[in-house]
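A quick write-up on the structure given underneath.
The values are calculated or read from the model by the stated rules, or taken from the named source; none is laboratory data. This structure is a prediction, so every number in the text was calculated from the model and none was measured. Cβ: placed from backbone, ideal geometry, glycine included. Neighbour counts: every protein chain shown.
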Amino acid sequence: MEHTITDDLHVLCSVLPPHIQAALTEIPDTDTIYQTTNLVEIILDLGRLPEARYAQGEKILAQHEITEADIDYIVSRIGDFSEDNRAGIPRTLHRISAIRNRKGRVVGLTCRVGRAVFGTMDIIRDIVESGKSVLLLGRPGVGKTTMLREAARVLADTKRVVIVDTSNEIGGDGDIPHPAIGKSRRMQVPTPALQHEVMIEAVENHMPEVIVIDEIGRELEAEAARTIAERGVQLIGTAHGQTLENLLMNPTLMDLVGGIQSVTLSDEEARRRGTQKSILERKAPPTFDILVEIQDRHKVAVHNDVAASVDALLRNRPLPPEIRTRSSATGEVEISRPETRVHIAPRQGERMSARRERTRGDGKMGDRPAQYLQSAPREPGAPRKTMRLYPYGVSQDRLETAARALDVPIRVVGESDEADAVLTLKNYYKKRPAPIVDAERSGIPVYVLRSNTIAQMEGILEDLFGVESKDDPFHLAMTETDEAIQRVMSGAHSIELAPQSAFIRRFQHERIRQANLFSRSLGKEPKRRVRVYASEVG
């Protein structure tokens, strides 16, 4: 459960003009929207009315326009502005940002309320403590820096943590950092343009196990982050953006997730992959292992394998992220993981039961479940689309034999990421080999066979292509039953069917009853058979 440990709001109020201080204190605490705990920032622009912005609303603080004297009053009571036009109040987390005119004079101020909050990191605590580099992504004001500060405090209890604090947002203004960073050490940056140099200096001089960086936004900083990661130091950083796709479209920051390059394939390779000759591929390993998209204070989307997520996006097979939501009432974190597309090949009896459901009623094939890759109807006479299959531990010769028996086009590929589906055996799947795990992460369906037999492979191919085996005993028996029903309904007194097992005879009897006809089993095993009648017999 989150709770604020300090916001030092009285210190921020003390630097404001007296009439604005009075306006803030006059707001009753019973007003749920305009409570001080919901105050985000105070806007003071020359010639305009002072305005307080809250989490869910805005409020005018006075009916007198801001004058130059008001702005000078504030500027004289805070620290010096840096090159990025930010200043602070020593030993607090508040940030005052300036807007200047052409002559460099301050004509506007944004007084941002800084708060140290415990519990914001609980939603991703296991990720931060895993030792992997983590990038926090989110729009401005969503809470990236607050979560980053909390991560530094928690990790500093067990590791050597150094914060590279470019704008003093993490550790606060002044030489003594805010207690909210715990045992972390803080390195200030003289100018924003030198952030990358301070990042490298931190690694070379202070032997950190963890480097914490806020707002990576320049190419040199991205390069420095890669250098640090390659030296085995854990990185916890933030960047502006809402999703992984946004980051991939940012030419400055895409290197954080591996970058993108255009590759031209040979004709043979393009045919083998089933793609165009010019494709996009990830250029290098990502700097950050895990990416967290902060959607709001209580909800994040986690990409646990940035490399796999980027590769999947470039192949137009985006991986659904893991969604974590924290209950505002109880503080419990609920984790919703994406479903893996794993299908277990059915036994012979299960396949027949499934066919029974598909052929119920009018005897026509019904719609197949959405999990099948080619469930859409195919025009009569139109060629089937070739399906690329990656067999792991499955006999390639038997698979091709099964495909020929069903007359379906397949192509066996050598890598799982090139396949439309992966086939493996049950004992292999239990061991979780790398190709199977990679396929699941990439959203490629995995089909698990119970045994390395042609019958099992035919069952999988039937599901993938939406066909029935012409030589399958059940299919032949039910076809014969349908033909007998038609003949009896056309005037025949009775038709005797070929001998079948008791299992198939049960389906034949039910099909006949559905046609409002009558049937009876005759003979002894193994020649026991079904006879179809037009009317009930005594």
Checklist entry - For region 306-331, how many residues meet the condition of being more than 19 Å from Met249 (Cβ to Cβ), at pLDDT 85 or above and polar (S, T, N, Q)? => result 1
Next on the checklist: Just to check your reading of the model, which residue among Val107, Val161 is in contact with a Ser or Thr (Cβ under 8 Å, 6 or more places away or on another chain) and over 22 Å from Gln242 (Cβ atoms)?
Outcome noted: Val161
Checklist outcome for this item: Here the residues within region 50-75 that are over 16 Å from Cys13 (Cβ atoms) and of a type in the set (Ser, Thr, Tyr) are Thr67
Next on the checklist: Among the residues that make up region 503-525, is at least one of them among the aromatic types (Phe, Trp, Tyr) and closer than 30 Å to Arg404 by Cα?
Outcome noted: yes
Next on the checklist: On the basis of being surrounded by fewer than 21 Cβ atoms within 10 Å (Cβ to Cβ) and either touching a residue at least 24 places away in the same chain (Cβ under 8 Å) or assigned by TED's automatic domain parsing to the domain that holds Pro190 (or both), does Asp122 make the cut?
Outcome noted: yes
Item to check | Residue count for region 227-255, restricted to those that are in contact with a helix residue (DSSP H, G or I) (Cβ under 7 Å, 6 or more places away or on another chain), over 21 Å from Gly141 (Cβ atoms) and crowded, with 17+ Cβ neighbours inside 10 Å | outcome: 6
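Residue-wise test of (1) at pLDDT below 95; (2) outside the structural domain of Cys13 (by TED's automatic domain parsing); (3) part of a loop (DSSP other than H, G, I, E, B).
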residue: Arg53; (1), (2), (3): yes, no, no
residue: Lys59; (1), (2), (3): yes, no, no
residue: Ala62; (1), (2), (3): yes, no, yes
residue: Arg77; (1), (2), (3): yes, no, yes
residue: Asp80; (1), (2), (3): yes, no, yes
residue: Thr92; (1), (2), (3): yes, no, yes
residue: Gly104; (1), (2), (3): yes, no, yes
residue: Val107; (1), (2), (3): no, no, no
Item to check | Sole exception among (1) modelled with pLDDT of 95 or more; (2) among the aliphatic types (A, V, I, L, M); (3) touching a His at 6+ places or on another chain (Cβ under 8 Å) for Leu46, by number | outcome: (3)
Next on the checklist: Tell me the residue from Thr481, Thr401, Thr453 that is closer than 30 Å to Lys524 by Cβ and in contact (Cβ under 8 Å) with a residue 40 or more places away in the chain, please.
Outcome noted: Thr481
Item to check | Index of the failed condition, His303 passing every other in (1) modelled with pLDDT under 90; (2) surrounded by 16 or more Cβ atoms within 10 Å (Cβ to Cβ) | outcome: (1)
Item to check | Count of residues meeting criterion [among the acidic types (Asp, Glu) and assigned to a loop (DSSP other than H, G, I, E, B)] in region 147-166 | outcome: 1
Checklist outcome for this item: Of (1) surrounded by 19 or more Cβ atoms within 10 Å (Cβ to Cβ); (2) at pLDDT below 85; (3) over 16 Å from Arg398 (Cβ atoms), Asp420 satisfies every one except (2)
Item to check | Verdict on Arg531 being in a helix (DSSP H, G or I), of a type in the set (D, E, K, R) and surrounded by 14 or more Cβ atoms within 10 Å (Cβ to Cβ) | outcome: no
Checklist outcome for this item: Given (1) assigned to a helix (DSSP H, G or I); (2) outside the structural domain of Ser395 (by TED's automatic domain parsing); (3) modelled with pLDDT of 85 or more; (4) crowded, with 21+ Cβ neighbours inside 10 Å, Ser519 misses just (1)
Next on the checklist: When you scan region 181-199, do you find a residue that is surrounded by 20 or more Cβ atoms within 10 Å (Cβ to Cβ) and touching a residue at least 40 places away in the same chain (Cβ under 8 Å), even just one?
Outcome noted: no
